[in-house]
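Here is the structure we will look at, set down as structure tokens.
The values are calculated or read from the model by the stated rules, or taken from the named source; none is laboratory data. Small disclaimer: the values here were computed from a predicted structure and weren't measured. Heads up, the Cβs are rebuilt from the backbone with ideal geometry, glycines too, and the neighbour counts pull from every protein chain shown.
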């Protein structure tokens, strides 16, 4: 008997549409850009939900492949991290840092009612 988690157990679109958790970060545990994105969100005191795609249920290859394919379809990128706010793709760490500098990040956070504390 297999203990594998079925690939139907995680729905990216449902996660991104959850109004209780508007800020969602898809990452990898070993990725330096992912760590930088998490650090930036923490510095701004932005509450977020993280899904590390190399841990837990995502170790099931079919699930990880399906989630990564859906993220690529949504963002046009196959890299991680990928940050979403209110279902809106912000991008990876570099995109997020750029959005912070330009004021776009604050605009998107405000539009979705997400509290943050600029540094």
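Quick one: which strands (runs of 3 or more DSSP E) lie wholly within segment 37-119 and hold at least 1 residues that are at pLDDT 95 or above and more than 16 Å from residue 16 (Cβ to Cβ)?
Ranges flagged: 49-52.
Starting from segment 50-72, keep only residues that are more than 17 Å from residue 31 (Cα to Cα), then list their pairs with residues that are in a helix (DSSP H, G or I) whose Cβ atoms are within a distance under 6 Å, requiring at least 6 positions of separation or different chains.
Correct list of pairs: 62/7; 63/7; 66/7; 67/12; 70/12.
So is residue 42 closer than 29 Å to residue 9 by Cβ and loosely packed, with under 13 Cβ neighbours inside 10 Å or not?
Yes, satisfied.
Taking residue 115 as the residue in question, decide whether it is in contact with a strand residue (DSSP E or B) (Cβ under 6 Å, 6 or more places away or on another chain) and under 18 Å from residue 50 (Cβ atoms).
Values: in contact with a strand residue (DSSP E or B) (Cβ under 6 Å, 6 or more places away or on another chain): no; under 18 Å from residue 50 (Cβ atoms): yes.
No.
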